[in-house]
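Everything on this sheet refers to the single structure shown next.
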Amino acid sequence: MKMRSWWMVASETEARVELRETDLPEPGPTQMLVRVRAAGVNRGEFIIGGLTKAGTAKPLGIEGAGEVVKAGAQVKRFAPGARVMGRFPGAMAEYVLAEEAQAMAVPEGMSWEEAGSLTTTYMVAHDMLLLQGGLKSGGWLLVTGVSSGVGVASLQIAKAIGARVIGTSGSREKLDKLKALGLDVAICTRQADFQPQVMDATGGAGVNLVVNNVGGTVFAEAVRCLAFEGRLATVGYVDNVLKAEIDLQALHAKRLVLFGVSQKMTSPAQKADSTRAFAEQMLPLVAAGKLRPLIDRVYPFAEFPAARAHMEANAHVGKIVITA
């Protein structure tokens, strides 16, 4: 039996996508074969040198949701017919192999589109805000590029725990949409000029945590926004600026913590641990309807190139989803 999947072919200068037909894979002992119903589109897959190396080709997709078709001999939690979601490499396909340890049950009442676009952004946000960021109720969070999928997830999780959120975006329309999700302070800018407004909003104290989706152009400004013992998470660089200056005096005097968030080099055991922590801490909020992906647009499987173009035009607020 055959299946179709989208692949990316990366050169030094461009990332080209193509639809390929391959044999349907067989699940290993700890794996499940999942019929994909929806998968989220993520910008990081198209950054050459990031998740993808130049001169390579690989199946696209890093998250998805669908029905279990066949389970390996050691799979205990899921049987054929179960609705599952998770970080599933190669999920931009009709079928995908999923490790049981990285799969979660889809909560009742959740659509395929929501389930297929939840795990990457919300697990990244959970890692940044709670596991590494130490954000607390009453604390201040600054998100640069807040209208992105990770930005919206960070906003929702922060509000769910009682934190206050400042967000930047170059679009006033996008910021207005996010006010309905609880955005406390909206700064309309694409420049590294937001520190005065951040300090004004926080009474001169600065923020406890910054989520930097933008990259090197705003890194130094983000550091200037940090409070004493503040933390800065780097999760993206859509500006393609990969280097930035660090104010060592501020780093030293204010006891700052600078960290990155990526799954690229984590081990299977670490991935399993993060999945388990997310399921325990965040899925109850998902089931209660307090955390749900903001879906910008849904495309059918065959129109993946159009979905990618929509993402790269920076026209979206929240997640872009492919349905298979």
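Residue count for segment 110-155 satisfying the condition of being farther than 26 Å from residue 300 by Cβ, of a type in the set (Val, Ile, Thr), open to solvent by less than 10 Å² (accessible area, probe 1.4 Å) and assigned to a helix (DSSP H, G or I): 0. Filtering segment 1-50 to residues that are open to solvent by 70 Å² or more (accessible area, probe 1.4 Å), touching a Lys or Arg at 6+ places or on another chain (Cβ under 9 Å) and part of a loop (DSSP other than H, G, I, E, B) leaves only 26.
Restricted to segment 284-305, and to residues there that are open to solvent by less than 50 Å² (accessible area, probe 1.4 Å), of a type in the set (A, V, I, L, M, F, W, C) and at pLDDT 95 or above, the residue that is nearest to the chain's Cα centre (by Cα) is 304.
When 220, 205, 233 are screened for being over 13 Å from residue 167 (Cα atoms) and assigned to a strand (DSSP E or B), only 233 passes. Quick check: anything in segment 175-183 touching a strand residue (DSSP E or B) at 6+ places or on another chain (Cβ under 8 Å), in contact (Cβ under 8 Å) with a residue 24 or more places away in the chain and open to solvent by 10 Å² or more (accessible area, probe 1.4 Å)? For segment 175-183, residues touching a strand residue (DSSP E or B) at 6+ places or on another chain (Cβ under 8 Å), in contact (Cβ under 8 Å) with a residue 24 or more places away in the chain and open to solvent by 10 Å² or more (accessible area, probe 1.4 Å): present. On the stretch given as segment 67-109, residues that are in a loop (DSSP other than H, G, I, E, B), among the small types (Gly, Ala, Ser) and open to solvent by 30 Å² or more (accessible area, probe 1.4 Å) total 4. Can you find a residue that is in contact with a strand residue (DSSP E or B) (Cβ under 9 Å, 6 or more places away or on another chain) and closer than 15 Å to residue 235 by Cβ anywhere in segment 160-171? Taking every residue of segment 160-171 in turn, at least one turns out to be in contact with a strand residue (DSSP E or B) (Cβ under 9 Å, 6 or more places away or on another chain) and closer than 15 Å to residue 235 by Cβ.
The values are calculated or read from the model by the stated rules, or taken from the named source; none is laboratory data. Note that the structure is a prediction, hence the values are computed from the model and not measured. With ideal geometry, Cβ positions are generated from the backbone for all residues, glycine too; neighbour counts draw on all protein chains shown. Calculation scope for accessible area: heavy atoms of the full protein, side chains included, ligands and nucleic acids excluded. Shrake-Rupley method; radii C 1.70, N 1.55, O 1.52, S 1.80 Å.
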